[in-house]
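Please treat every number below as a calculation from the coordinates, not as lab data. All values reported here derive from a predicted model rather than from experimental measurement. Here the Cβ is made from the backbone with ideal geometry for all residues, glycine too, and neighbour counts use every protein chain on show.
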Amino acid sequence: EDRQAMIGNMVAGLSDRLATQGGPASDWARLINAYGVLGDTENAGNIWREAQQVFGTDPAAMEMLRAAAQSAGVAE
């Protein structure tokens, strides 16, 4: 329980930071992966959709993000 709470807090912190300050594609991918690991496909999908808008013109970023989204089960 404590471990899940700690992970949840870390994920929430990363999510808040990306929402307010932005960040590199690697952080967005990490957040998508984290939500996938937590079984939160709704938030993983939301972050994936937002990341596509932010990084849609960067092929390298999109490749990394797509891999994370596929791993989380929110992209084909």
Inter-label distance, nm, simple model (7 Å from Cα along the C-beta direction), residue 58/residue 5: 3.6 nm
Dipole magnitude of the chain about its Cα centre (Cβ charges: Lys, Arg +1; Asp, Glu -1), debye to nearest 20: 100 debye
Contour minus Cα-Cα distance for residue 49 and residue 27 (0.36 nm per residue): 6.5 nm
Helix-derived mean residue ellipticity, 222 nm - over the chain, DSSP H n ≥ 4, -39500 (n - 2.57), to 500: -27000 deg cm²/dmol
Listed residue (53, 41, 7) projecting farthest to the positive dipole end of the chain, Cβ model: 53
Cut-off 15 Å between beta-carbons: net charge of the residues surrounding residue 31, Lys and Arg +1, Asp and Glu -1: -1
Compactness index (Cα Rg / 2.2 N^0.38 Å), the chain: 1.03
